[in-house]
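Q: Before we start, here is the structure in question, set down as structure tokens.
The values are calculated or read from the model by the stated rules, or taken from the named source; none is laboratory data. What you are looking at is a predicted structure, and each value in this text was computed from that prediction instead of being measured. Cβ sites come from the backbone with ideal geometry, for glycine too, and all protein chains shown count toward neighbours. Calculation scope for accessible area: heavy atoms of the full protein, side chains included, ligands and nucleic acids excluded. Shrake-Rupley method; radii C 1.70, N 1.55, O 1.52, S 1.80 Å.
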Amino acid sequence: MSHSRVQCWLFLRRLFDQSAPLLHFSLEHHWLLNNMWSQVALAAAVVAVVAGHGQMTLPTGRNNGTLANAGNCFGYECFWFSQIVEIPGEPTLNEKKFRTVNVDVSSGADDFTRQMPWRAPGTAPVFGSGCGVAGGGDKERGNGGIPPPGIKQGADALDVLKPSAEVTWRRGSIQEVAWAIYANHGGGYAYRLCKNDGKNKVTEECFQRTPLTFVGDKSVLRWAPVVQYGIERPLPDIEIPAVRVSVNNQSTWSRNPVPACKLCDQGECMKHKSWDEQQHCAQSCSGLNMTRCPPGTTQFPEPASGVNGYFLWHDYYASSLSGFPWNIVDKVQIPEHIEPGKYLLSWRWDCEQSRQIWQNCADIVIE
């Protein structure tokens, strides 16, 4: 899909979202208007709905992801990533309990995820500084690999995005962090720090030197605001089990807790010669355009009832959001002896369903 078609699709959706609350019409008329939008979205084609895949939402970073928007990416919050990247050696993550895709296979010809980033967390190279690059690399691709408007393809987020509002953390404190999914590529995630004082160079290697340790064995799903006919309905947090992954004897990685679907054998998709064709086939196997996975078709057991899927489209007046409607919230430990000063927090999501890594950065002051 071309950049212009994606921009048109996003504009039409924003127009509907902004106009609907101002209109006074019957339920029947509303159904007709909403159905008209459904046809517009359908005409935009399958690729548009996966034009970006995840973002950090707490703290709010330079990409402007927020708890209130959760997985919604209409502001281009999730267009900062690296794609067609692989681990440099053999997989180190083979146990079923840590896996998210093709979990029953860990060797041999059928182990089609063995070079995906999550199979050796943190080892696959990324483009740029560790904050993500626009559109996933220098080349525009039809899977949503395009930059936000006005930004050059492959531009480093560190260079082109404005600093976020500084958040102050105390040494030795425990802090909440969160991210959200637009399209679910499995894998797992980490949070890291790098000094950003104008003297130290911000790099992926710098971030890897100060990973933050997860606290506890639970995560929380925190809903974005749900509005029904102008009334916000508060929903409770959902506590779910967290699967932590230790690297260098520290619990610095956590498995993505949301299983995608297994509708067909993604291994067959890898036989396509074109990487774009592999991606489209894999997305279909994972449940593209389905609200939830059919019973018995998740890649691994869901952490709570109904918590599954590849891409959730909220095509109704109650929400007007796309992507998953909740944030994955964790607590991390700030090192007690870290040097005070200005830092960047980097969230990194290593995928297992695809050769992709998402990254965002937020400005932090540690005192």
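Q: Keeping all protein chains in place, calculate the accessible area per residue for segment 228-345 (probe 1.4 angstrom), answer in Å². Walk me through the numbers before you get to the answer.
A: Working: 5670 Å² over 118 residues.
That works out to 48 Å² per residue.
Q: May I pose another question? If packing is taken as the average count of other Cβ atoms within 10 Å, what order do 109-116, 149-156 fall into, highest mean first? Kindly include the intermediate steps, with their values, before the conclusion.
A: Values: 109-116: 18.2, 149-156: 15.1.
Listed from highest to lowest mean packing, they are 109-116, 149-156.
Q: Further, regarding this structure: For segment 137-223, what relative contact order do you get, as a whole percent, if you take Cα pairs closer than 8 Å and at least 6 residues apart? Write out the running numbers ahead of the final one.
A: Numbers: 43 pairs, mean separation 14.4, N = 87.
With pairs under 8 Å counted, the relative contact order is 17 percent.
Q: Under the rule a/c < 1.5 gives rounded, and otherwise a/b versus b/c splits prolate from oblate, where does segment 168-216 land using the Cα gyration tensor? Don't skip to the answer; put the middle values down first.
A: Working: a/c = 2.18, a/b = 1.35, b/c = 1.61.
Taking the square roots of the gyration eigenvalues as a ≥ b ≥ c, segment 168-216 is oblate.
Q: In terms of solvent-accessible area of protein heavy atoms at a 1.4 angstrom probe, what is the ranking of 352, 367, highest value first?
A: Working: 352 0, 367 90 Å².
Correct descending sequence by accessible area is 367, 352.
Q: What does the accessible area per residue of segment 107-156 come to in Å², with a 1.4 Å probe and no ligands, DNA or RNA counted? Don't skip to the end; give the middle numbers.
A: Values: 1760 Å² over 50 residues.
Dividing the accessible area of segment 107-156 by its residue count gives 35 Å².
Q: Let me ask another. Just how much of residue 139 is accessible, in Å², when a 1.4 Å probe is used and the result is rounded to the nearest 10?
A: Using a 1.4 Å probe on the heavy atoms, I get roughly 130 Å².
Q: Along each principal axis of its Cα atoms, how long is segment 109-250 end to end? Whole angstroms, biggest number first, please.
A: 48, 43, 42
Q: Starting with the highest mean, order 166-173, 253-260 by the number of other Cβ atoms within 10 Å, averaged over the residues of each peptide.
A: Per-residue mean Cβ counts within 10 Å order the peptides as 253-260, 166-173.
Q: Taking a ≥ b ≥ c as the square roots of the Cα gyration tensor eigenvalues, with a/c under 1.5 meaning rounded and otherwise prolate when a/b beats b/c, else oblate, which class fits segment 175-302? Intermediate results must be reported in sequence, preceding the final value.
A: Working: a/c = 1.81, a/b = 1.21, b/c = 1.50.
Verdict is oblate for segment 175-302.
Q: Let me ask something additional. Please report, as a whole percent, how much of the solvent-accessible surface of segment 119-216 comes from carbon and sulfur atoms (probe radius 1.4 Å).
A: On the way: 1940 of 3960 Å².
Solvent-exposed carbon and sulfur of segment 119-216 make up 49 percent of the total.
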